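The numbers here are math on the coordinates, done by the rules we state, and not lab data. What you are looking at is a predicted structure, and each value in this text was computed from that prediction instead of being measured. So basically every Cβ, Gly included, is an ideal-geometry build from the backbone, and we count neighbours across all protein chains shown.
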Amino acid sequence: METKAPTSKNVRRTVQISNVTARPTAVTMSWIAIPISAPIPPCLSSLVAKFPRIDCLLARLTTVGGVYEATWGRAFSTLYDRLLAATEDAGLRELRRRTLAQASGQTIDIGAGTGANVGLFPEGLERLVLAEPDPHMTKRLRRKLAESGSSAELVQAPAERLPFEDSSFDTAVFTLVLCTVPDPAAALAEAARVLDPGGKLLFVEHVRAHDRGLAQWQDRLELPWKLFADGCRCNRDTVANIEASPLSIEEIEHGEMPKAPPLVRPLVWGGASVGAGGPQES
Ligand SMILES: C[S@@+](CC[C@H](N)C(=O)[O-])C[C@H]1O[C@@H](n2cnc3c(N)ncnc32)[C@H](O)[C@@H]1O
């Protein structure tokens, strides 16, 4: 995990613990972190010195985002597969498989979550990297990889800062991630950076509705949905974000996420590449 340099904006209570490296809360939770300026009492400082890992716990609990991450954030990762099960069975899994069939060579699945895409990639990839920043999701992902016997590599890293050299991959994948990343423009620029110039981005994303009435509901319910769904923005215009990025959409299909709440039903899937021509809508 990356640590932000302390600035007046992001200094949190944890940073004030003397001689202890503050461990950041998950990047995923940065949207909800609120600084708390009360000083840590000396008794806690000595506890930290005795039990080094306690600083991690304090880091998690001394922000609103930290409490969220340690409670609902954790529960959400536990429930995630169950919450999506009916949707996957009703067609999402098949859509993932069809989209991922275009993956080739060295492939990175960014924001891999609990591993919904594990087992859906085509045979014969040279390399498969699963990147996921959230520790609770990562735990489940690690377990799924072990159970499936997959040889995929697991990297705990956010989409905005992937620990790979430029042009390292032939395929990058986002499935249901560009709605959640705190900085979609940075995530897309980073995907473009790690992609080979001839490489491809594959995506399956729920998006802002074309229908004005539904889009208004997505705007009204953005905050409660974000709190429920671990940072997901139901009203995010991901297609516009991809179009504004260094990637160009080559193919895009529009449909609906089956058996999903209306707020996150509008779905797009397709492929984009670095500097390619305009989209072919279907
Ligand atoms: C709705 S889940 C989707 C998981 C998986 N890709 C799937 O298709 O089921 C959103 C995922 O984005 C991850 N995420 C949140 N912030 C992220 C970031 N900055 N970089 C990469 N992934 C992030 C979350 O931890 C979570 O695993």
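List of remarks:
- Residue order, fewest to most beta carbons within 10 Å, for I242, I252: I252, I242
- The HN-Hα couplings worked out from phi for the stretch 71-86 by the Karplus form 6.51 cos²θ - 1.76 cosθ + 1.60 (θ = phi - 60°) are 10, 5, x, 5, 4, 4, 5, 5, 8, 3, 4, 5, 5, 9, 4, 5 Hz, whole numbers, x standing for Gly and Pro.
- Here the label points at E88 and E256, each 7 Å from Cα along the C-beta direction, are separated by 2.3 nm in the simple model.
- Packing, taken as the mean count of other beta carbons within 10 Å per residue, orders the peptides 102-114, 84-96 from highest to lowest as 102-114, 84-96.
- Sorted by Cβ density within 10 Å, fewest first, the residues Y68, Y80: Y80, Y68
- The order of M257, M137, going from fewest to most other C-beta atoms within 10 Å of their C-beta, is M257, M137.
- Interchain or long-range residues, amide H under 5 Å from A172's placed H: I108, K200, L201, L202
- Peptide packing for 118-130, 180-192 was compared via the average number of neighbouring C-beta atoms within 10 Å per residue; ordered from the highest value, the list is 180-192, 118-130.
- Each peptide in 172-178, 198-204 was scored by the mean count of other Cβ atoms within 10 Å over its residues; highest first, the order is 172-178, 198-204.
- What the Cβ-Cβ distance of S104 and W72 gives, at R0 = 41 Å and to the nearest 0.05, is a FRET efficiency of 0.60.
- Cα centroid of the stretch 79-98 to Cα centroid of the stretch 130-204, whole Å: 19
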